[in-house]
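The structure under discussion appears below in the form of structure tokens.
Rule-based calculations on the coordinates, nothing more; no lab input. No experiment lies behind these values; they were computed from the predicted model shown. No Cβ is skipped: glycine too gets one built from the backbone with ideal geometry, and neighbour counts run over all protein chains shown.
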Amino acid sequence: MEKTVKAAENLIDAQTDYTVAWLDSLEDVNRQQTKKYKQLAEATKGLENDREYLEGLNNENARYVDQLKQVRGHLDTLEKLVGEVDEWSKELEVKVRRMNQERS
């Protein structure tokens with residue numbers, strides 16, 4: 001009977017040691033995961049800041065794009081005007097030559 005009690009005691013001790021070791025390893029895994037989640041939370045904060053910054057840049061760029069479109073429209077108009085002025089100046093050159101030839 002004493003051997004049976006001793007064997008049961010040893011079995012209970014072994015199971016207890018196993019359970020404690022298993023719980024220790026679970027606690028360690030839990031700590032590691034908690035640390036990773038904290039790091040991810042910090043990274044998320046950084047990403048949120050980056051997102052807000054990039055949205056600001058995007059909004060600023062959108063304003064510049066609108067301004068560039070307006071400038072492009074003005075340039076197109078100026079190019080047409082320059083073309084017309086160039087044609088008029090050529091016509092004037094021809095008229096001036098004719099007038100000079102008629103005077104000569």
Looking at 11, 92, 78 in this structure, which one is under 47 Å from the mean Cα position of the chain (by Cα), free of Cβ contacts under 8 Å to residues at least 12 places away in the same chain and in a helix (DSSP H, G or I)? 78
Kindly establish whether residue 103 is loosely packed, with under 10 Cβ neighbours inside 10 Å and without any contact (Cβ under 8 Å) to a residue 12 or more places away in the chain. yes
